[in-house]
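Before any comments, here is the structure.
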Amino acid sequence: MTAHPIRFGTSGWRAIIADEFTFANVRLAVAAIAEHVCSRSQKPTLIVGHDTRFFSEEFARTAAEVLRVHGVHVLLCDAAAPTPAIAHAILRLKTDGAINFTASHNPAEYHGIKFSGPDGAPALPEVTRDIEERVARLAAKPATALRSNAASDFQRISPRDAYLARLAELVNFDAVRQAKLKIVCDTLHGCGAGYLDRFLATHGISAVSIRTDRDVLFDGTGPDVLEANLAPLREAVLDRGAQVGLATDGDADRFGILDADGSWFAPNHVLGLLYDYLVETRGWRLPGARSVATTHLLDGVARHYGVTVYQTPVGFKYIGELIKLDKIALGGEESAGLSIRGHVPEKDGILAGLLVAEMVAIRRTPLLEQLKNLFSRAGAEYWPLRTNLHLSEEVKARAVERLQGDFSVFRGRHVTQTDRTDGLKLIFEDGSWLLLRFSGTEPVVRVYTEAGSREAAARLAEEATAWILEATPGARSSAVSGSHTPTARQNQ
């Protein structure tokens with residue numbers, strides 16, 4: 001069979017525009033998706049959406065044409081739309097799913113396709129495997145020319161109003177307005193523009209919005225909610241004397257939060273605070289959910305309320321399953337994604353930001369003070385760290401082999417639990433832990449650590465790095481550290 005570059009990661013297929021992300025490959029991927037949905041429904045309907053990236057509208061129109069040729073009814077979004085808004089539209093309109101052209105937080109040179117099923121959640125691995133197998137079969141056949149059709153031939157939809165109405169049911173906007181919070185919003189030239197800022201304005205909440213215009217280069221830094229990318233938001237928060245800064249990434253499924261002093265607030269800690277806040281204010285005495293790489297602060301909150309936490313592999317699709325089954329109050333990942341009970345089984349950075357604003361309004365306390373209080377009630381401090389190591393293929397291969405061993409002691413630390421949910425996770429006597437997880441698409445190992453202090457987490461990361469490099473004498477690596485810093489090329 002002809003080799004093809006289309007592989008779905010934890011959040012769809014992403015590739016560099018004009019390299020592997022071409023019109024030919026887009027047609028191939030969409031044709032495979034069309035075959036998949038037609039195998040499950042006689043008259044399927046799919047939403048086609050897109051973000052603000054270069055050529056997004058053109059890729060979306062091309063997808064609509066391919067779908068129509070295959071007998072799929074198309075609902076084409078009339079403008080760039082956030083991933084969570086598209087997920088909400090799937091459920092509201094009862095479609096067979098959606099194809100969303102987005103590369104989320106990746107740099108500007110990337111584009112991507114995200115496929116969601118009729119439940120509004122990211123496609124599970126068994127679905128994406130089927131699509132990839134269909135791609136391989138289609139790639140082996142001669143390409144079929146498609147007749148071009150005007151975009152006006154397709155039924156247009158706007159997911160915005162219904163989605164924002166749902167957010168108004170989930171967020172106590174009266175409390176935010178009455179507290180007279182000063183808020184600054186930063187949509188990083190992405191899909192949050194016209195959504196996050198409009199919600200606040202519609203409900204009479206004072207907010208200043210920045211970077212709401214379209215810029216397909218995203219200021220040259222990319223639309224990720226990293227601390228370094230939010231320097232303009234920090235400046236605006238300090239200049240305005242705002243109580244909180246809210247940011248969304250390229251497709252508004254991830255959140256970025258700044259405290260009143262302009263400091264960047266780690267997504268792991270935001271998850272812990274919001275879980276505690278929702279149980280306290282909504283009365284949802286339910287478990288939480290987190291990926292294997294996410295802070296155990298959620299576990300501490302759960303113990304405080306006498307409930308438990310579900311642990312999943314990396315990938316929000318797994319947390320989405322728990323949302324669908326109404327088993328959790330909140331589910332989240334360290335990479336700045338969350339959703340809550342009764343909402344879409346998909347990450348929602350807009351909702352996350354609004355809930356943070358509500359929490360600050362109700363508690364009338366800066367986020368750092370709230371975190372210190374939560375640590376006290378949880379009985380411990382939780383300081384997570386993420387480090388990405390770029391390795392040679394030789395070092396990666398040897399390290400993968402070493403990870404298969406048994407671990408009762410690691411660098412002099414007694415291991416109380418070994419977890420292979422996704423990678424290798426070692427939990428130590430003092431409650432600190434280490435996760436080593438290899439990327440499936442490039443020679444990168446992600447080192448996640450958490451301990452009772454920043455310094456202890458950093459020491460554990462250093463020990464893990466030294467252990468990995470011992471796999472090949474004389475080996476070197478480059479490392480990037482941060483509390484959730486993703487490698488730009490990766491889906492997750």
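The values are calculated or read from the model by the stated rules, or taken from the named source; none is laboratory data. Remember, predicted model here, so these are calculated numbers, not experimental data. Neighbour counts are summed over all protein chains in view; Cβ atoms, including those assigned to glycine, are modelled from backbone coordinates with ideal geometry. Heavy atoms of the whole protein, side chains included, go into the accessibility calculation; ligands, DNA and RNA do not. Shrake-Rupley method; radii C 1.70, N 1.55, O 1.52, S 1.80 Å.
Across region 22-58, which residue is farthest from LEU91 (Cα to Cα) among those that are part of a strand (DSSP E or B) and either in contact with a Pro (Cβ under 9 Å, 6 or more places away or on another chain) or basic (Lys, Arg) (or both)? In this case the residue turns out to be GLY49. Of all residues in region 443-460, which are farther than 13 Å from LEU389 by Cα, not in a helix (DSSP H, G or I) and not aliphatic (A, V, I, L, M)? Correct list: THR449, GLU450, GLY452, SER453.
Quick one: is LYS94 in contact (Cβ under 8 Å) with a residue 24 or more places away in the chain and farther than 18 Å from ALA121 by Cα? Judged against the criteria, LYS94 is not a match. For region 331-346, indicate whether the set of residues that are of a type in the set (A, V, I, L, M, F, W, C), out of contact with any Lys or Arg (no Cβ under 9 Å at 6 or more places or on another chain) and open to solvent by less than 10 Å² (accessible area, probe 1.4 Å) is non-empty. Looking through region 331-346, none of the residues is of a type in the set (A, V, I, L, M, F, W, C), out of contact with any Lys or Arg (no Cβ under 9 Å at 6 or more places or on another chain) and open to solvent by less than 10 Å² (accessible area, probe 1.4 Å).
Within region 366-422, being open to solvent by 40 Å² or more (accessible area, probe 1.4 Å) and in contact with a Leu (Cβ under 7 Å, 6 or more places away or on another chain) holds for one residue alone: THR418. Annotation: TRP284 fulfils all but one of (1) part of a helix (DSSP H, G or I); (2) open to solvent by 10 Å² or more (accessible area, probe 1.4 Å); the unmet one is (1). If the condition is being open to solvent by 40 Å² or more (accessible area, probe 1.4 Å) and without any contact (Cβ under 8 Å) to a residue 60 or more places away in the chain, then region 309-326 contributes TYR310, TYR318, LEU325, ASP326. Given the criteria at pLDDT 85 or above and buried (at least 17 other Cβ atoms within 10 Å of the Cβ), does ARG437 qualify? Criteria met by ARG437.
Only one of the listed residues (VAL237, VAL184, VAL225) is within 30 Å of GLY12 (Cα to Cα), in contact (Cβ under 8 Å) with a residue 12 or more places away in the chain and crowded, with 21+ Cβ neighbours inside 10 Å. That residue is VAL225.
For region 375-432, a residue qualifies if it is touching a residue at least 24 places away in the same chain (Cβ under 8 Å), assigned to a loop (DSSP other than H, G, I, E, B) and of a type in the set (Gly, Ala, Ser), and the qualifying residues are GLY379, ALA380, SER392, GLY423, GLY431, SER432.
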